[in-house]
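Take a look at the structure below.
Throughout, read-outs are computed from the coordinates displayed, never taken from laboratory work. These numbers come from a predicted model, not from an experiment. When we count neighbours, we look across all protein chains shown, and the Cβ atoms used for this are built from the backbone with ideal geometry, even at glycine.
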2 protein chains.
Amino acid sequence: MEQPKLAVSTVIFSLLPSETTGRMALHLPLVRRIREPHRGRWALPGGPLAPDEDLPDAARRHLHDTTALSPTYLEQLYAFGAPARGGEERVVSIVYWALVSQESASGRPAGADPAALSSAAAALVSGDPNVCWFDADDLPPLAFDHRTIVDYALWRLRTKIEYSRIAHAFVGDTFTLTQLREVHEAVLGRALDPANFRRMIEASDSVIPTGEHLLGTKHRPPKLYRYNSAVDLADTNPLRG
Amino acid sequence: MEQPKLAVSTVIFSLLPSETTGRMALHLPLVRRIREPHRGRWALPGGPLAPDEDLPDAARRHLHDTTALSPTYLEQLYAFGAPARGGEERVVSIVYWALVSQESASGRPAGADPAALSSAAAALVSGDPNVCWFDADDLPPLAFDHRTIVDYALWRLRTKIEYSRIAHAFVGDTFTLTQLREVHEAVLGRALDPANFRRMIEASDSVIPTGEHLLGTKHRPPKLYRYNSAVDLADTNPLRG
C-alpha cells in the first residue's frame, strides 16, 4: 500500500504594527511557492520530517528557517490529512502553531514605541524575497487547504487567550496592564474597555504586581505586573508538563 | 530521505459494569499484539491509512473492526511521533479518541439494570480472543508509548466532560438526572453529591426538562431531560462544525 507523505507545517503568529492603522496587529509569515502545484501562491512554512527528528523539533526548524527566530510558545494544532488537499501526491500535514515576540527580535517588549516596533518588524523579515509577513485579517489567497488551517489556528489562539497564560508569549516578564491589554486587543482584533479589562484581570488572580513601576518620563509611572505562576490555569496539560 | 510510517490509532471509551464493584466504569478495548515488537503486549487498535481514506474514516474503520460498533463521539486527540517510540521502524501515529455507548450495542440506555448492562458488555466483545475490554483505571502494561496516549485521552475526556455536552454520547436523547450523574461518576471515577450535581446541572442551563417522566414501577417516576442545543458550550469548534 502506498504511504502518504508526511509533512510538518507551522502557523507562526507575531504582533507587528498594521500598515494601515499603525496599531499592533496579528501577523504571520508565509512562503511563496516556487514549484507546482500552486506555484506562486502563498503557503505555510513547512516540509518533511528529518530522520530522528521529533515533531516539535521539525516545527521549530521550519520556524527558524523562515524567521530566524525561536518560538516563545509552540503547540500542536491538528493533523490535516483529507485525501484531496490540493496536490497530486497525498500529503498528511501535522500542523503546529507558534508565537514569536518582537522582544526576541529587538530586545524591546511589546507596547514599546512605534519606531522600535518598525525596527522589530524589519528584524522579523528574513532576506528571502519569497517570505513575507501578512496581517492575519488580510491574507492573500493561500495554497492547498492552508486557509482552513490558518483560520483554525486563529480560532485556537483567540479562544486560548481568554483562559490561559498565552499572552505571556507577547509581553516581557514584567508588563503594565496597558501593555497586556494592547496584546489582547491586537490578538482579538478589537478594542477592549480599559476599566473592564483591568477588573477582569484583577479578578482572575492571573497577574500580580511586582511592586515596581515602568521607568520613563511620566508624572505617574504605571505599575508593573508579572504572571502569577501559582494559579492553575486551563493551559496546563499533561503533554506540555 | 526515508519517510516514517504513518498509522491511525483510536482510544475507544465505553461505560461497562466494573468486574469488582458492579458499578459503571470507563473501559477501553485493547488488542493483543501477535507480532514483534512487543509481541503479547496489549496495544491500541489501529493501523495504516488506506489510499483515499480520510483520517477520521480510518479511525472509524479500526473502531468498527475491533468492536463492531460506530462511535457516538469521535475527535482527533494528538499526533505522536517521537523518534524512539519503541519499534525499530519509525511510526508517526495520529490518534483519535472515541466514545461508544451501550445503547448502540443493546438498545438500552446507560443506567439501565445490571442484567441489561452485562448483555451490553457481551455485545461489546467481538469474537476475537485478541481483543479485550479493560477497566481504564486498571490497565495491563501496554506496548510502545500507548500508556502515555491512554493517559492523555483520559485527561482530555475527564476535562471535557466538565464543560461540554460530551456525556450526551453515553446517555440516550432523554435521560434522568440520576442517569446523567451516574455517567459523570463513571467517567470521573468518583462519587458526586446528588444535590450538588443537580444544582450544578440546573445552573448551567445545559439540559432542559422534556415534561415527561421515566416509565417504570416507581411511585414517583423521575423527570426526563434532554440536552439544550440552544446553549453555546465550549465544545463548538470550527473543525467540528
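All other residues with a Cβ under 12 Å from the Cβ of residue A:184 taken together, and with Lys, Arg as +1 and Asp, Glu as -1, what is their net charge?
Residues near residue A:184 contribute +1 overall.
The orientation-averaged projected area of the convex hull spanned by the Cα atoms of the stretch B:124-170 comes to 4.3 nm².
Using the Cβ-Cβ distance between residue B:212 and residue B:147 with R0 set to 51 Å, the FRET efficiency from 1/(1 + (r/R0)^6) comes to roughly 0.70.
Pairwise inverse Cα distances across the stretch A:19-91, averaged and inverted, put the Kirkwood hydrodynamic radius at 14.7 Å. Using R0 = 22 Å, the C-beta based FRET efficiency linking residue B:223 and residue B:199 works out to 0.90. Electrostatic bookkeeping for residue B:19 treats Lys and Arg as +1 and Asp and Glu as -1; over the other residues with beta carbon under 10 Å from its beta carbon, the sum is -2. Each copy carries a label point for residue B:155 at 7 Å from Cα toward Cβ; from one copy, the others' points are 2.4 nm away, ordered from shortest. Highest mean packing first, where packing is the average number of other Cβ atoms within 10 Å per residue, the peptides A:205-216, B:165-176, A:82-93 line up as B:165-176, A:82-93, A:205-216.
Residue by residue along A:44-51, Cβ atoms of other protein chains within 10 Å of the local Cβ number 2 on average. Report, in whole Å, the centroid distance computed from the Cα atoms of the stretch B:71-101 and the stretch B:1-36. Comparing the Cα centres of the stretch B:71-101 and the stretch B:1-36, I get a distance of 11 Å.
For peptide A:75-85, the mean count of partner chain Cβ atoms within 10 Å of a residue's Cβ comes to 5. Label-point spacing at residue B:190 relative to the other copies reads 3.7 nm, in ascending order, each point sitting 7 Å out from Cα along Cα→Cβ.
If packing is taken as the average count of other Cβ atoms within 10 Å, what order do A:33-46, B:15-28 fall into, highest mean first?
The packing order, highest mean first, is B:15-28, A:33-46.
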